[in-house]
Every structure is written in structure tokens, then in C-alpha cells.
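Working notes, beginning with the structure itself.
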Ligand code: GLU
């Protein structure tokens with residue numbers, strides 16, 4: 001039996017990190033290290049169009065600069081989603097054998113977006129999609145055409161409750177509220193929901209800490225991991241950083257780490273993040289390691305955090 005906590009950083013190298021990403025990375029690291037856990041660093045570089053190696057390198061550099069370390073991960077290719085297609089393929093086949101997969105010819109935009117995690121206001125699924133209900137004959141006729149389909153998961157009419165470590169119980173009816181999501185895009189790229197579930201499962205992740213924009217994805221991921229024979233991790237979501245109007249602050253909030261690094265030291269930036277997260281009474285310079293004894297989810301707000309500095 002191995003009951004060591006395994007946490008993860010799982011950024012997408014589609015741009016430089018900003019304050020919101022950094023806060024998520026810091027809290028994921030503190031949550032893991034305060035429990036004596038192992039931290040892994042997975043690069044979510046599934047989408048060859050949206051992701052770039054230059055951003056992947058910058059993400060790693062920013063984490064190191066800030067003082068956040070990890071025990072296994074990037075640049076080891078075993079931790080890069082772009083090199084893990086064989087695992088996703090195997091999981092896809094396992095679901096297919098259980099009759100849980102069907103082809104979908106709807107909405108090109110959504111099928112293309114599916115490699116990235118959904119962000120606030122973005123639907124995980126295509127609510128107008130009727131592809132699930134096609135007859136076998138209709139399906140066969142469409143499959144014979146030259147337009148390749150995306151492949152979706154057939155979710156059951158089942159209610160799943162995830163006990164979030166910060167927001168408490170979160171309940172969702174998979175079929176009616178979550179909705180069937182894309183497993184593989186029409187261009188053959190495996191989608192975010194499948195990849196993240198397979199990776200969390202196969203990398204032995206026991207604890208997921210990330211922004212609350214992904215809370216609504218947790219029940220579907222929990223179900224998927226169980227359908228693949230795995231044990232789902234526990235989840236702890238954190239509030240998002242917003243400006244007063246609910247948009248990300250144009251001043252501090254939207255600036256990339258690359259820009260912030262010109263303006264402050266790593267200790268100053270960590271102090272700002274710790275202050276925003278309720279871990280320090282004032283934004284004093286500090287290292288992530290010095291925050292470990294102060295870390296407590298009860299201090300972290302659940303409301304989204306407006307920032308203007
Ligand atoms: N790679 C995703 C993102 O950067 C996060 C995925 C996750 O934490 O589940 O938005």
C-alpha cells in the first residue's frame with residue numbers, strides 16, 4: 001500500500017503564465033508539500049496548434065524561479081501529453097468496448113477546442129447535438145461519408161457528487177448537466193477530458209488543485225476514471241482572480257510572469273500571491289517554503305478575488 005499524496009502542476013503551454021496560473025501553482029505545491037507529498041509536473045501540450053515548446057520552457061523556468069520544485073515531470077517526455085497518445089488510445093478502446101463511445105458530426109469549433117480545458121462560460125458539450133440518438137443505419141451512412149467525426153462519451157443518467165476540499169460537495173447529473181464530452185477530435189487529437197483523466201489515473205495523482213473554472217469538470221472526470229478501472233483523486237478548487245467587473249485585471253492580473261519578473265523579485269511576487277490567498281496579512285516578501293507552516297485552506301477565500309494593484 002502506498003498512501004503518499006501525489007499532487008500535480010498541469011499547465012498548458014499555450015501562453016505565458018499570469019497571476020491566476022501562478023496562484024494555482026503555488027496552492028497546488030503548498031497543498032502537496034504541507035502533506036509531505038510528491039509533486040509532478042505534467043505538460044498539457046495536446047494541441048499542436050495552440051501550444052509551443054517556447055511556452056513550455058518558460059513555464060518550467062517560472063516555476064523554478066518562484067521556488068516551486070517537483071519530483072518528476074517536464075522536460076521528461078513521459079510527462080508530456082503530446083508523447084502519451086498510446087495511453088489515450090488504449091483508454092478510448094476500453095470505453096469503446098463498453099459501448100460508451102459514439103461518433104459526432106456537430107459543431108466544428110467545439111470539436112477543435114476540446115483539446116484545451118474549458119474555461120468559464122464555455123460549454124463542455126454541444127447541447128444541440130443529436131448524434132447520440134442516431135440509428136445504427138444513420139450512423140453507418142454518415143461513417144461511410146468522407147467527413148471524419150469527433151468521438152464523444154455516452155454519459156449515463158447518473159448523479160455524481162465530488163467532495164471538493166474547498167467548496168464542499170458538488171453534485172452533477174452527468175448526462176443532463178455535464179453532458180457528453182468529446183474524447184477524440186475529428187482530426188484525431190485526443191481531448192482534454194480524456195487525457196487529463198487518463199494522466200491523473202496513470203500517474204498516480206491523488207490530489208488535484210486547480211481553478212474553480214474546472215470544478216464542473218470534476219464529476220465527469222471522476223466517472224471516467226472509474227469507468228477505466230482507476231481510483232479518482234480528491235479535488236480542491238481555488239477561486240479565480242478577477243477585476244471588479246468580473247474581468248481579469250488589466251493591471252497586475254493579466255500581466256505575464258515574464259513581465260512581472262522584471263518588476264519584482266520571486267520573494268515579492270510570492271508575498272503578493274500569499275497575501276491574495278489569505279495566507280499573509282500583508283504582501284511581505286516570502287519564499288514558498290516559508291509558507292508551508294502557514295498554509296491552511298480555511299484561510300483561502302471561496303469568493304473570486306478582485307485584484308487591482
Ligand atoms: N491544463 C489545464 C489548464 O491549463 C488544467 C487542467 C487541470 O488542471 O485539470 O487550464
Notebook entry, point to check: Does at least one position in the stretch 168-175 carry a residue that is surrounded by fewer than 23 Cβ atoms within 10 Å (Cβ to Cβ), at positive phi and touching a residue at least 12 places away in the same chain (Cβ under 8 Å)?
Noted result: no
Next item on the list: Considering (1) within 13 Å of the ligand (Cβ to nearest atom); (2) over 25 Å from residue 307 (Cβ atoms), say which one residue 16 fails and leave the rest.
Entry: (2)
Check: Of the residues that sit in the stretch 158-187 and are at pLDDT below 95 and assigned to a loop (DSSP other than H, G, I, E, B), which one is nearest to the ligand (Cβ to nearest atom)?
Finding: 181
Item checked: Condition check for residue 34: surrounded by fewer than 22 Cβ atoms within 10 Å (Cβ to Cβ) and within 16 Å of the ligand (Cβ to nearest atom) -> no
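Considering 124, 208, which residue is modelled with pLDDT of 95 or more and either closer than 22 Å to residue 92 by Cβ or within 13 Å of the ligand (Cβ to nearest atom) (or both)? Explain how you work it out, then say what you get.
Details: 124 fails: modelled with pLDDT of 95 or more.
Within the list 124, 208, the selection yields 208.
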Check: Quick check: is even one residue across the stretch 80-99 touching a helix residue (DSSP H, G or I) at 6+ places or on another chain (Cβ under 8 Å), within 18 Å of residue 258 (Cα to Cα) and either within 16 Å of the ligand (Cβ to nearest atom) or free of Cβ contacts under 8 Å to residues at least 12 places away in the same chain (or both)?
Finding: no
Margin query: Need the failing condition index for residue 201 against (1) buried (at least 19 other Cβ atoms within 10 Å of the Cβ); (2) on the phi < 0 side of the Ramachandran plot; (3) in contact (Cβ under 8 Å) with a residue 40 or more places away in the chain, just the number.
Written below: (3)
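Being part of a loop (DSSP other than H, G, I, E, B) and either surrounded by 11 or more Cβ atoms within 10 Å (Cβ to Cβ) or on the phi > 0 side of the Ramachandran plot (or both) is the filter here, so list the residues in the stretch 140-157 that pass it.
Pass one, the stretch 140-157, residues part of a loop (DSSP other than H, G, I, E, B): 145-149, 154-157.
If the condition is that a residue be part of a loop (DSSP other than H, G, I, E, B) and either surrounded by 11 or more Cβ atoms within 10 Å (Cβ to Cβ) or on the phi > 0 side of the Ramachandran plot (or both), then 148, 149, 154, 155, 156 are the ones that fit.
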Notebook entry, point to check: Conditions: (1) touching a strand residue (DSSP E or B) at 6+ places or on another chain (Cβ under 9 Å); (2) within 15 Å of the ligand (Cβ to nearest atom); (3) under 30 Å from residue 303 (Cβ atoms); (4) touching a residue at least 40 places away in the same chain (Cβ under 8 Å). Residue 217 meets all but one. Number of the miss?
Noted result: (1)
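If we keep just the residues of the stretch 182-197 that are over 20 Å from residue 164 (Cα atoms) and in contact with a helix residue (DSSP H, G or I) (Cβ under 7 Å, 6 or more places away or on another chain), which is surrounded by the fewest Cβ atoms within 10 Å (Cβ to Cβ)? Please lay out each step first, then the result.
Restricting attention to the stretch 182-197, the residues satisfying the condition of being over 20 Å from residue 164 (Cα atoms) are 182-192, 194-195.
Remaining after also requiring in contact with a helix residue (DSSP H, G or I) (Cβ under 7 Å, 6 or more places away or on another chain): 182-186, 190, 194-195.
Numbers: 182: 28, 183: 27, 184: 24, 185: 22, 186: 18, 190: 24, 194: 26, 195: 26.
Only one residue fits best here, namely 186.
The values are calculated or read from the model by the stated rules, or taken from the named source; none is laboratory data. Nothing here was measured: the structure is a model prediction, and the numbers come from that model. Here Cβ is always computed from backbone atoms with ideal geometry, including for glycine, and neighbour counts include all displayed protein chains.
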